[in-house]
1. Restricting to DSSP H runs of at least four residues, report the calculated mean residue ellipticity at 222 nm for the chain, -39500 (n - 2.57) per run over all residues, nearest 500 deg cm²/dmol.
2. Measure nothing but the geometry: give the 0 to 90° angle between the long axis through the Cα atoms of 109-133 and the longest principal axis through the Cα atoms of the chain, rounded to 10°.
3. Relative contact order of the chain, please, whole-number percent, based on alpha carbon pairs below 8 angstrom and at least 6 residues apart.
4. Can you give me the relative contact order of the range 111-251 as a percent, contacts being Cα pairs under 8 Å and 6 or more apart?
5. So how tilted is helix 55-82 from the main axis of the chain? Cα-based, degrees 0 to 90, rounded to 10.
6. Would you list ASP57, ASP73, ASP170 from fewest to most Cβ contacts within 10 Å?
7. Give the angle, between 0 and 90 degrees and rounded to the nearest 10, that separates the Cα long axis of helix 353-367 from the longest principal axis of the Cα atoms of the chain.
Amino acid sequence: MKSFSRESKSNKNRREFLKNGMVAAGAATLGTGLLASGAPVLAEQEKERSGKLPKGDAAILRFLAAAEIIETDLWVQYNELGGIQDNEVPGGSGSPLYAAALQVLDGDMNQYIHDNTEDEFTHETFINAYLASKGADAVDLEPFRTLPGSTATGASGKPRLTNLMKLTVDTSWWTRYRSRTQNPNFGDTFPPAVPSLAVGQHPAIPRSDADLSPSNHLQAIANTAGFHFATIEQGGASLYPSLAQRVSSSQVLQIVLSIGGTEAMHFQTWHDKVGNAPTLTDSSDSTLVFPDLNAPPFGEEDFQTNLIMPEPTVFLSRTLPVCSIVRPTETTGAATGALKFLTAMGLFIGQSPAFFAFLRDLAEEADAARREGER
Ligand SMILES: [Fe+2]
Ligand SMILES: [Fe+2]
């Protein structure tokens, strides 16, 4: 009893951030499944509800819903300042100078930022609505929307879930996708394209109007954003196939495969665009250097900017032929690993201990999911 009441208390806290799936799904789900038996019902009621979904599938979708809410929040901040503000992606009024610096990478950057932002909104909304339609609890991170965002002209000023002003960006995906002999699933590690982004804390949006000049500093911020776009989306491109391997229902598998593919499309676009980021040293931070990736000591196959399609590499076994693949796709600990990756990039600097505890719970429950029959 003692351990039950302790668990009950922590579950109660956690439930504050879960939308009640039963309410959304309607009375039809009441009285079935969840409330079917006697004593275990109490314990079951204290936990997240899976409704008609296999428990592991609901846990995987809840972690993905949280990841999508986080993606939406960061993309909204980019769109407010650097994208297109319209009724599809409302909020903010644009920062012409920041948008112009982004457009050095490609003249259509504002359209791509807008479209990536809209896509994240739909991922978040769809997954939560699907959970609710099955009588499962959905995810709500609104209580954690407490971080101050940019005060630059054009930002909406609304509180944020994520912090884009102190990023440490791991660009090792650049060489990971160019290697023909190594695969992170084999434990291989890869050097970053921009070593100085992997250390320190860097803004990816103008923190205030003071960041709008000198132009070289603003370009460094836009370059950081360009690398961050691809870094985020390659994470999504790996996360979905990693978790798909432990889904049980074919419909949930369809959801995970279908959304995961769009993350890969986003990554491919950003991978191409950021190859156009101009070589420079930030005049406001001489430690931040964007090197020429096509010239020594960079260059050649591991860095050449037009090699944006995944080079074939080892897959599953070194005795099998090489294959062009998304990587990594290791499924063990994939959700916890994704959370660590987002945390290490500084995206949650300023967030509360309750935020980290809630996300850790969602990740651990997703990682505990097993394909039915493979327990
Ligand atoms: Fe997404
Ligand atoms: Fe995404």
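Every number in this text was worked out from the coordinates using simple rules, so none of it is lab data. These numbers come from a predicted model, not from an experiment. Cβ: placed from backbone, ideal geometry, glycine included. Neighbour counts: every protein chain shown.
1. On the way: 11 runs with 172 residues, N = 375.
Result for the chain: -15000 deg cm²/dmol, rounded to the nearest 500.
2. Taking the Cα atoms of the chain, the angle to 109-133 is about 10 degrees.
3. On the way: 670 pairs, mean separation 74.2, N = 375.
About 20 percent, as a whole number.
4. Working: 134 pairs, mean separation 26.9, N = 141.
Relative contact order for the range 111-251 comes out at 19 percent.
5. Tilt relative to the chain: about 30 degrees.
6. Details: ASP57 28, ASP73 23, ASP170 19.
Least to most surrounded, the residues fall as ASP170, ASP73, ASP57.
7. Rounded to the nearest ten degrees, it is 70.
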